[in-house]
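Enquirer: Got a structure for you, questions after.
Just so it is clear, none of the values below were taken in a lab; they were calculated from the coordinates. On a predicted model such as this, the values are computed, not experimentally measured, just so you know. Note that each Cβ is placed from the backbone with ideal geometry, even for glycine, and that neighbours are counted across all protein chains shown.
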Amino acid sequence: MDQQFEIQADTAITPEKNISGFFSRLHDKLKSAPIELVQTARLKIRNNNVLYAIPGHESWLPLLKLAASEFSSFITYGRTDMPLAVGVETVASCTRKCSYCPVSKQEFPETRPYRVMRDEIYNSIIDTLSEIPRRANQKGFNGVLHLNGYGEPTIDKKIVQRTEYARKKLPEATIGFYSNGDNLTEDLYLQLRNVGINEIIMTPHDGKFSSRLQDLGEKYFEDGILKLNPPLTKLSNRGGNINVAEALLQSPTNRCVHPSFTMEITVDGTTILCASDALIKTPLGNISKSGFHDVWDNKYYRQMRRALRHGKYDLLPEICRRCRIPN
Ligand code: SF4
C-alpha cells in the first residue's frame, strides 16, 4: 500500500487498557438476550443526545463518544472497534463555494476534479458492507451509511438508484446524506422516500433556509426524514486546510476519536483517515478491491486510530497535527 506518511511501530503507543473482563461478561449476557432488545439498546446508545445530557460533557465528549461507540460496536459485532458510520462520496462536486469548505479553495479543483463514483466501485462497496459478520450468525453493516463526502449528493444523477441498492443490500442500516438542499426538489424527495431513505440532513450554509426548503420540511415533517439543521456556529479548520477565525473554532481537544468509529470512502473508492482529508493525503486502501477487513484491520489504520485516541499527535500525519475540529 502506498503510504504517504509513516507511523512508528506499535510499541510507541501505550496498549489499550484491558477491559476484556467487562466485555466477556457482557458477551455472555448478550448470548441469551432477544435480538430486538439488543437492537434497541444499540440504537439508543448511538444517539448522541444521551451524551450531551451528561453534566460537564464538553471536556469528556471524545471519551464518552468512544465508550458509547465501543459498547454499541460490541453488542453488534462482538468486538469493540468496528465502524458505526460509513461515508461514501458518490460525487466529487458541489453547487456552492463555501468559505469554510476546503474544496472551494481555488487550487483544489485541480487535485479534486469533478468525478462521479463508478457503479462497479459503489456496488462493490455496498456488497462488501453487506457481508460483514455480526453476532448471533447475522451479517451486514447496520450502522449509518451516508452517501456524501465533499460532494453534494443531489447532483449525483444516480442518487435514487444508489439509495435503492443500498437499502436492498443493507436493510437494517440508517441510510441518508448531508445536503445543502439546493437541488432537493419535492419530486426527488419523494423518489428517495420511496426507495427507503432514512434521513436527509440539510445545513443552511447562508445562515437560513430558503422558503422553498422550509415549506418542504414542514410538508413532510411527519415522515421524519428531512432534518433542517440550525446554522453552523462552530467550525473545523479541516486538518489545517482552511483558515477559520479563532472565535469560530472549538477549543482544541487532546485526542480525536472520529476515525475510531467512522470510515470515509472517497469517489474513487479510497478509504481516508477522516473527512477532513480533502486532498486525500492519508490513503488507507480500497474496500471495493480488497474487502472491508483488509482495509479496516490493516496495521497502519489500527495504529493511527490508536494514536489519535491516545493523543499521540507526533506519530500522526500533518493534517492531524494542524487540525481543530468541533467535538
Ligand atoms: S485530528 Fe486527524 S483524524 Fe481527527 S479530525 Fe483532525 S484530521 Fe481528522
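Enquirer: With the structure loaded, tell me whether F292 is within 25 Å of R79 (Cα to Cα) and within 14 Å of the ligand (Cβ to nearest atom) or whether it fails that test.
Expert: For F292, the condition - within 25 Å of R79 (Cα to Cα) and within 14 Å of the ligand (Cβ to nearest atom) - is not met.
Enquirer: Further question: Of all the residues that make up region 261-282, how many are over 15 Å from L147 (Cβ atoms), within 14 Å of the ligand (Cβ to nearest atom) and buried (at least 20 other Cβ atoms within 10 Å of the Cβ)?
Expert: Total satisfying the criteria: 9.
Enquirer: Given the structure, is N237 more than 24 Å from L129 (Cα to Cα), surrounded by 15 or more Cβ atoms within 10 Å (Cβ to Cβ) and touching a Pro at 6+ places or on another chain (Cβ under 7 Å)?
Expert: no
Enquirer: Can you find a residue that is out of contact with any Pro (no Cβ under 9 Å at 6 or more places or on another chain), assigned to a strand (DSSP E or B), hydrophobic (A, V, I, L, M, F, W, C) and under 28 Å from I280 (Cβ atoms) anywhere in region 217-229?
Expert: No, there is no match, as no residue in region 217-229 is out of contact with any Pro (no Cβ under 9 Å at 6 or more places or on another chain), assigned to a strand (DSSP E or B), hydrophobic (A, V, I, L, M, F, W, C) and under 28 Å from I280 (Cβ atoms).
Enquirer: Just for region 297-321: of the residues that are within 20 Å of the chain's Cα centre (by Cα) and of a type in the set (S, T, Y), which one is nearest to the ligand (Cβ to nearest atom)?
Expert: Y301
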